[in-house]
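What follows is a short report on a single structure.
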Amino acid sequence: MIEEQKVINIEIKDLLSQTRDFFNSGHRLVQIGCTKLPECLEINYSFDKEHHFINLKIKLVDLNVEVPSVSNIYWCAFLYENEIHDLFGVKFKDIALDYKGNFYRTSVKRGFNPQNEQP
Amino acid sequence: MKIFVMAKKVLTSLCARPATFRYPLVPKTYYKNTRGSITIDINRCIYCGMCQRKCPAQAILVTKADKEWKIDRLRCVSCGYCVELCPVKCLSMKNTYSASTQIREEEAFRRA
Amino acid sequence: MNSPKRTIIPFGPQHPVLPEPIHLDLVVEDEKVIEAIPSLGFIHRGLERLVEKRDFIDFVYVAERICGICSFIHGLTYCIAIEEIMQIEVPKRANYLRLIWSELSRIHSHLLWLGLMADGFGFEALFMHTWRLREKILDIIEETTGGRIIFGSAKIGGVRKDISSEKLAQILEKLKNYAQEIREITNVFINDSSVKHRLVGVGVLSKEDAYILGAVGPTLRASGVGLDTRKLGYAAYKEIDFEPIIETAGDSYSRCLVRIREIFQSIEIIKQAAGKIEPGAIEVKVTGTPNGEFFARTEQPRGEVIYYAKADGSRFLQRLRVRTPTFANVPAMVKLLPGCQLADVPILVLTIDPCISCTER
């Protein structure tokens with residue numbers, strides 16, 4: 001085992017307050033990634049402080065639910081959120097720099113979730 | 001602040017032999033390990049199609065009925081996975097590259 | 001006095017200093033950049049989704065071809081992710097070989113970057129000499145793995161090729177000589193006044209900004225933050241004695257210095273590893289299928305790379321996500337640009353060592 005990786009499952013409504021806690025305690029945002037599972041979409045928010053890795057995980061069952069953007073806390077999150085919006089069709093609320101679906105110029109829209117399936 | 005730090009190097013390379021060589025007049029030396037191009041000993045091939053299924057670049061086409069093994073040299077990425085997988089070890093990796101070409105054509109091997 | 005008129009100048013996707021497509025909309029006032037808005041996604045390949053159609057063992061080859069420069073470490077990180085999920089113990093010798101190849105690829109990548117940098121500010125002779133030296137490193141790589149830049153030697157459970165101890169001694173001897181030559185060339189970057197004129201004080205990224213913008217690799221370390229993912233101790237790094245290289249000025253010159261010092265550090269690490277490597281097996285047999293998830297993190301020449309693998313026990317992974325270092329460095333780059341001169345934009349874009357093919361995986 002290279003490192004311990006803590007994964008915390010949280011609700012969407014707690015996302016902003018949890019992220020702000022990480023911001024205040026000096027964590028950096030490592031990545032935001034989305035995973036398509038048969039029954040839902042999972043979004044992973046990874047944080048790191050001095051090589052201690054913590055991951056917040058939210059589950060998104062309904063694609064019409066808007067996920068609050070963390071880009072107003074961690075500005076760099078706008079890239080990840082635009083990416084997830086373009087590849088999976090997840091809606092984010094108040095992205096600091098919103099490309100409105102023009103971040104990836106792919107010929108297939110929502111390439112990672114092509115049917116835009118409602119789980 | 002120094003200036004002309006590079007000058008000595010430039011002057012020495014002016015007198016030295018060029019760092020490049022005149023390919024193709026001087027042939028390139030290949031290493032024993034160099035992954036160049038795939039060859040097949042077609043007479044030992046059992047046409048199982050394992051190489052075709054596993055090829056990351058989908059460069060290989062095996063037709064069992066015609067006893068034919070085809071490779072698209074321009075697609076092949078010379079990873080050597082087929083060599084590793086081949087159950088009868090009839091595939092091998094040469095350490096020289098395939099010849100350059102102007103047309104896209106599959107190279108076919110048939111049992112003699 | 002009227003405020004100067006603002007103009008938007010498009011930069012890229014085709015630009016002489018960038019072999020790869022990234023686009024920036026530069027808002028300029030006279031010659032001064034006020035704001036920069038990046039666009040990516042010109043060559044997005046969707047490789048992450050290919051994992052649903054390729055067996056997890058075969059996918060190493062695809063992972064390695066995500067990028068042409070940090071290829072080995074891409075493959076290695078994918079292997080680490082799968083090995084951690086399947087709890088495979090990699091033999092010690094394989095770990096050392098992985099380390100040696102990682103460091104060789106770091107040397108060649110940094111030399112490549114130094115060359116591109118010299119080309120970027122118009123020092124053609126320096127560019128050619130740097131790449132002449134890089135070619136010698138590539139020869140070592142080709143001799144040991146068979147490929148010049150796509151090593152193809154990482155596999156799940158170990159490595160494919162071995163380096164004999166005689167060969168290792170030869171490599172050390174060669175590296176010792178090359179270090180001398182590399183020193184001659186890098187001294188030009190460090191001391192020459194014309195080079196310094198272009199780099200010192202240009203594009204300063206403060207320590208706090210660099211950290212909170214999520215910058216990684218040399219971009220982060222040049223701003224004084226000592227984060228190096230190698231310190232996690234993957235491969236054999238936990239048995240190697242080294243410290244992350246830190247510069248504090250945060251300008252283009254210190255980003256250049258960090259990379260130069262890392263070249264020599266890498267040579268030093270290879271020397272240490274060669275002294276500690278023991279004979280033994282180079283791979284273990286892999287049976288079964290992965291089930292679980294893991295975030296594998298390693299240090300590429302450009303910074304920290306993350307591979308997130310999620311598997312459900314079948315031969316095909318459910319999800320593979322790759323967060324490449326350039327993707328993390330783009331926000332830092334965007335924050336660097338405001339306030340600089342238009343003529344410095346190419347240099348500043350180059351200083352984060354952008355690798356767009358990584359980013360557009």
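The values are calculated or read from the model by the stated rules, or taken from the named source; none is laboratory data. Here the structure is a predicted model, which is why all the values come from computation and not from measurement. Please note: Cβ atoms are built from the backbone with ideal geometry, for glycine as well, and neighbour counts cover all protein chains shown. These area figures cover heavy atoms from the full protein model, side chains too; ligands, DNA and RNA do not enter into them. Shrake-Rupley method; radii C 1.70, N 1.55, O 1.52, S 1.80 Å.
Quick rundown of the values:
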{"read-out": "Matching residues, the range C:228-250, being part of a loop (DSSP other than H, G, I, E, B) and surrounded by 22 or more Cβ atoms within 10 Å (Cβ to Cβ)", "value": "C:Asp228, C:Tyr234, C:Ala235, C:Ala236, C:Gly250"}
{"read-out": "Close pairs (8 angstrom Cβ cut-off, 6 or more residues apart or separate chains): on the phi > 0 side of the Ramachandran plot in the range C:23-52, open to solvent by less than 30 Å² (accessible area, probe 1.4 Å) and in a loop (DSSP other than H, G, I, E, B) anywhere", "value": "C:Gly41/A:Phe103; C:Gly41/A:Tyr104; C:Gly41/C:Glu360; C:Gly46/A:Gly111; C:Gly46/A:Phe112"}
{"read-out": "Criterion: without any contact (Cβ under 8 Å) to a residue 60 or more places away in the chain and either under 20 Å from the mean Cα position of the chain (by Cα) or at the interface with another protein chain (Cβ under 9 Å from one of its Cβ atoms) (or both) - qualifying residue of C:Leu220, C:Leu133", "value": "C:Leu133"}
{"read-out": "Matching residues, the range C:142-193, being touching a strand residue (DSSP E or B) at 6+ places or on another chain (Cβ under 7 Å) and either farther than 24 Å from C:His129 by Cα or open to solvent by 40 Å² or more (accessible area, probe 1.4 Å) (or both)", "value": "C:Ser153, C:Lys155, C:Gly157, C:Gly158, C:Val159, C:Asn191"}
{"read-out": "Unique match (being open to solvent by less than 40 Å² (accessible area, probe 1.4 Å) and free of Cβ contacts under 8 Å to residues at least 60 places away in the same chain) among B:Glu68, B:Glu84", "value": "B:Glu68"}
{"read-out": "Residue match in the range B:58-66 (condition: in contact with a helix residue (DSSP H, G or I) (Cβ under 8 Å, 6 or more places away or on another chain), within 14 Å of chain C (Cβ to nearest Cβ) and assigned to a strand (DSSP E or B))", "value": "yes"}
{"read-out": "Verdict on C:Ile156 being within 11 Å of chain B (Cβ to nearest Cβ) and either touching a residue at least 40 places away in the same chain (Cβ under 8 Å) or basic (Lys, Arg) (or both)", "value": "no"}
{"read-out": "Residue in the range A:57-64 that is of a type in the set (D, E, K, R), open to solvent by 60 Å² or more (accessible area, probe 1.4 Å) and at pLDDT below 85 present", "value": "yes"}
{"read-out": "All positions within the range B:8-45 that are in a helix (DSSP H, G or I) and of a type in the set (A, V, I, L, M, F, W, C)", "value": "B:Val10, B:Leu11, B:Leu14, B:Cys15, B:Ile42"}
{"read-out": "Elements of type strands (runs of 3 or more DSSP E) contained in the range C:258-361, each with 2 or more residues being within 14 Å of chain A (Cβ to nearest Cβ) and among the small types (Gly, Ala, Ser)", "value": "C:291-300, C:303-312"}
{"read-out": "Residue that is most open to solvent (accessible area, probe 1.4 Å) [pool: residues in the range C:105-130 that are within 12 Å of chain B (Cβ to nearest Cβ) and out of contact with any His (no Cβ under 9 Å at 6 or more places or on another chain)]", "value": "C:Met128"}
{"read-out": "Of residues in the range A:71-108 being in a helix (DSSP H, G or I) and among the aliphatic types (A, V, I, L, M), the one surrounded by the fewest Cβ atoms within 10 Å (Cβ to Cβ)", "value": "A:Ile84"}
{"read-out": "Scope the range C:20-38; condition in a strand (DSSP E or B) and open to solvent by 10 Å² or more (accessible area, probe 1.4 Å); matching residues", "value": "C:His23, C:Asp25, C:Val27, C:Glu29, C:Lys32, C:Ile34, C:Glu35, C:Ile37"}
{"read-out": "Subset of the range C:297-341 [more than 22 Å from A:Tyr74 (Cβ to Cβ) and among the hydrophobic types (A, V, I, L, M, F, W, C)]", "value": "C:Ala309, C:Ala311, C:Phe316, C:Leu317, C:Leu320, C:Cys340"}
{"read-out": "Test: residue in the range C:183-204 that is in contact with a helix residue (DSSP H, G or I) (Cβ under 7 Å, 6 or more places away or on another chain), farther than 30 Å from A:Phe47 by Cβ and hydroxyl-bearing (Ser, Thr, Tyr)", "value": "yes"}
